[in-house]
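Scroll down for the structure; my scribbles are underneath it.
Just so you know, all these numbers are worked out from the coordinates, no wet-lab data involved. This one's a predicted model, so the numbers in the text were calculated from it and none came from an experiment. Cβ atoms come from the backbone with ideal geometry, glycine included; neighbour counts cover every protein chain shown.
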Amino acid sequence: MNWQATLQLDGSGPLYEQIKRAIVRPIRESLWKPGDRIPPEHDLLRHFQASRMTINRALRELAEEGYVTRHRRVGSFVASPPAPTAILDIVDMATIIPSRGQHYRYERISRDIVKPGHELATRLGIGPDEEVCRVVGRHFADGEIVELEERWINLTAVPEAATLPFDDVSPNHWLVSHVPWTEAEHTISAISADAGLASALGCPAGAACLLLERRTFLDDQVVTFARLTHPGSRHRLTERFKPGSSR
């Protein structure tokens with residue numbers, strides 16, 4: 001393919017934005033497939049008659065938006081599209097990420113036995129002075145952070161969690177494997193990453209993120225409450241349903 005003929009500026013707006021649109025166009029039109037290499041930066045520099053800083057900014061923002069992946073000393077490549085995740089399923093990242101052919105890794109950030117306070121106690125259906133296990137960790141796919149998991153486990157419902165470190169296995173994976181549940185409640189929100197969340201997710205401050213808050217029940221007892229935050233460029237939700245179905 002003659003990429004020089006494919007990558008054309010549209011003359012509208014700042015040069016780096018025109019370059020971004022020029023690169024996105026063949027990706028959206030499937031002329032460039034996931035894994036295809038983007039022309040090298042020095043070739044783009046000459047083709048667009050742009051500075052190295054302008055080319056770098058365009059590629060950096062395309063990477064942040066999920067269109068390309070950048071590898072130092074190797075180049076930039078068309079990114080794989082975010083894998084769809086069912087809205088109403090309890091998804092185990094330790095299972096779904098390897099099933100897509102990607103390398104999975106979990107990293108625990110912190111684990112504590114704490115008193116939840118009034119707001120979280122209400123969500124967990126317990127008293128504010130009862131202790132819960134709080135675990136914060138990150139899930140990676142091919143080295144990229146795809147989910148920040150903040151979880152509170154009701155120790156009245158799952159007392160064995162009080163002694164588990166959750167250092168190699170995420171609480172979600174352990175709960176799915178060991179604790180039965182009868183019902184789940186999901187609340188989905190679009191949020192912007194503040195400085196702390198951006199640092200935890202490895203995304204720019206102000207980036208669009210998807211927040212899924214989940215309560216899981218065993219009969220009338222809340223087993224766990226979780227806040228699962230995803231960088232918007234690396235995640236999407238999909239649900240298939242039939243006419244007449246209701247939730």
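Normalising the average separation of contacting C-alpha pairs (under 8 angstrom, six or more residues apart) by the number of residues puts the relative contact order of region 176-225 at 41 percent. At full extension, Phe217 and Ser177 could sit 12.9 nm farther apart than now, given 0.36 nm per residue minus the alpha carbon distance.
For the chain, a Gaussian network of Cα nodes joined below 10 Å ranks Leu148, Leu175, Leu228 by mean-square fluctuation, and the top entry is Leu175. The alpha carbons of region 3-78 give a radius of gyration and a Dmax of 11.2, 32 Å, in that order.
Highest GNM mean-square fluctuation among Glu130, Glu119, Glu144, for the chain modelled with Cα contacts below 10 Å: Glu119. Taking the three principal axes of the alpha carbon atoms in region 104-184, the coordinate ranges are 41, 24, 24 Å, sorted in descending order. Sequence-distant contacts, meaning Cα pairs under 8 Å at least 6 residues apart, place the relative contact order of region 1-146 at 16 percent.
Relative contact order for the chain: what percent, with Cα pairs under 8 Å and sequence separation of 6 or more?
16 percent
The local environment of Cys133, defined by Cβ-Cβ distances under 11 Å, has a net charge of 0 under the rule Lys, Arg +1 and Asp, Glu -1.
Working from label points 7 Å from Cα in the Cα-to-Cβ sense, the Asn2 to Ala162 distance is 7.4 nm. Taking amide H as placed 1.01 Å from N in the peptide plane, the amide H of Ala50 sits under 5 Å from none that are at least 5 places away or on another chain.
Considering the chain, its Cα convex hull presents a mean projected area of 16.6 nm². The dipole here belongs to the chain: it is taken about the Cα centre, uses +1 on the Cβ of Lys and Arg and -1 on the Cβ of Asp and Glu, and is about 1220 debye. Amide H to amide H under 5 Å from Val68: which residues, 5+ apart in sequence or cross-chain, H placed 1.01 Å off N in plane? Under 5 Å from the amide H of Val68 lie the amide H atoms of Ala63, Ala79, each far enough along the sequence or on another chain. Distance from the C-alpha centroid of region 34-83 to that of region 156-211: 31 Å, rounded to the whole angstrom. Estimated from helical segments only, the mean residue ellipticity of the chain at 222 nm is -7500 deg cm²/dmol, where each DSSP H run of four or more residues counts as -39500 (n - 2.57). Across region 212-229, rounded Karplus estimates of 3J(HN,Hα) from the backbone phi angles (6.51 cos²θ - 1.76 cosθ + 1.60, θ = phi - 60°) give 10, 9, 10, 10, 10, 10, 10, 6, 9, 9, 7, 7, 7, 10, 9, 10, 10, 10 Hz, Gly and Pro being marked x. Placing a pseudo-label 7 Å from each Cα along the Cα-to-Cβ vector at Arg227 and Asp43 gives an inter-label distance of 4.5 nm.
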